[in-house]
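Since the structure comes first, as structure tokens, the remarks are kept for the end.
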Amino acid sequence: MFTKYKIILVEDDLDFALILKRFLESNGFEVTWATNGADALVLFQNDSFDLCISDVMMPVMDGFTLAEKIIEKHPEMYFVFLSAKQLPADKIKGLQLGADDYIVKPFDTNELLLRIKNILKRKEKLDFSTHKQIQIGSFCFDAKRSILYNNSYKYQLTEKENLLLAYLIANKNQLVKRQDILIAIWKSNDFFSGRSMDVYLSKIRKYFASDPKIKLESIRNIGLELKEVHEKE
């Protein structure tokens, strides 16, 4: 991995935390360690992180409470729970809070590494803060300012429209699965999230309606493809 991502590890088991910290650092991550949720919250106030990996059962402040407080202020934060709590209700609660994954202890560290890398790949596709404006057909997409415009039209995008369009453009001319988009942006693959996504897709299609070179095609029950056509098909 070329980017050195910053991870905050929140774990009260000292021996386990030290082993995991060394493992992540040996795989190219910068790791800051906190032994409870309260200390981790202080670290969040003074630094920025790409991913939080947290135990659930901890003294002072548990992992679920920590996640609620962090996600409230940083909804873009990527979050993974590591926990010995195996009940489906615990896993559901963690995911409902907005976590990207819930991994039950004990686990294979190589599997954890793979899951982390997959999460950060999604982050790379959605992180346009350092990107320049992107040309697609006659339009220019400025994700940093949430604007889509050309010589005739200018659309101020909502947060969801901006994220969805950024994801589609990052995967331009490729078929992307609906479930991947829903998990990346809505963090849920249920019926209501799917209906919400369809509404935003309709809006994006209307924005591009004036440019015949841009097509947003749906393949039923499979996925979507944002195509930029250079020649008549």
- Could you tell me which of the residues Asn189, Asn221 is open to solvent by 70 Å² or more (accessible area, probe 1.4 Å) and on the phi > 0 side of the Ramachandran plot? Asn221
- Counting only residues in region 3-23 that are under 25 Å from Val60 (Cα atoms) and open to solvent by less than 40 Å² (accessible area, probe 1.4 Å), the one nearest to the chain's Cα centre (by Cα) is identified as Ile7
- Task: Out of Asn46, Asn118, report the one residue that is farther than 14 Å from Tyr5 by Cβ and exposed (fewer than 13 other Cβ atoms within 10 Å of the Cβ).
- Result: Asn46
- Item | region 192-220 - residue that is closer than 22 Å to Asp101 by Cβ and hydrophobic (A, V, I, L, M, F, W, C) and, of those, modelled with the lowest pLDDT | Phe192
- Task: Among the residues of region 159-186, write down those that are exposed (fewer than 14 other Cβ atoms within 10 Å of the Cβ), at negative phi and assigned to a loop (DSSP other than H, G, I, E, B).
- Result: Gln174, Leu175
- Residue that is nearest to the chain's Cα centre (by Cα) [pool: residues in region 47-77 that are farther than 17 Å from Ile185 by Cα and assigned to a strand (DSSP E or B)]: Cys52
- Note on the structure: By residue number, the members of region 78-108 that are among the basic types (Lys, Arg), in a loop (DSSP other than H, G, I, E, B) and over 23 Å from Lys6 (Cα atoms) are Lys85
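Per-residue answers, yes or no, for (1) at positive phi; (2) crowded, with 19+ Cβ neighbours inside 10 Å; (3) in contact with a Phe, Trp or Tyr (Cβ under 9 Å, 6 or more places away or on another chain):
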| residue | (1), (2), (3) |
| --- | --- |
| Met58 | no, yes, no |
| Lys69 | no, no, yes |
| Phe79 | no, yes, no |
| Leu87 | no, no, no |
| Leu97 | no, yes, yes |
| Asp100 | no, yes, yes |
- With respect to Met61, is the statement that it is free of Cβ contacts under 8 Å to residues at least 40 places away in the same chain and over 21 Å from Arg122 (Cα atoms) true? yes
- Residues of region 102-115 being under 20 Å from Ile183 (Cα atoms), out of contact with any Lys or Arg (no Cβ under 9 Å at 6 or more places or on another chain) and surrounded by 12 or more Cβ atoms within 10 Å (Cβ to Cβ), which ones? Leu112, Leu113, Arg115
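The values are calculated or read from the model by the stated rules, or taken from the named source; none is laboratory data. The structure presented is a predicted model; accordingly, all values stated were derived computationally and were not measured. Methodologically, a virtual Cβ is constructed for each residue, glycine included, from the backbone with ideal geometry; neighbour enumeration extends over all protein chains shown. To get the accessible areas, we keep the full protein, side chains included, count just its heavy atoms, and leave off ligands, DNA and RNA. Shrake-Rupley method; radii C 1.70, N 1.55, O 1.52, S 1.80 Å.
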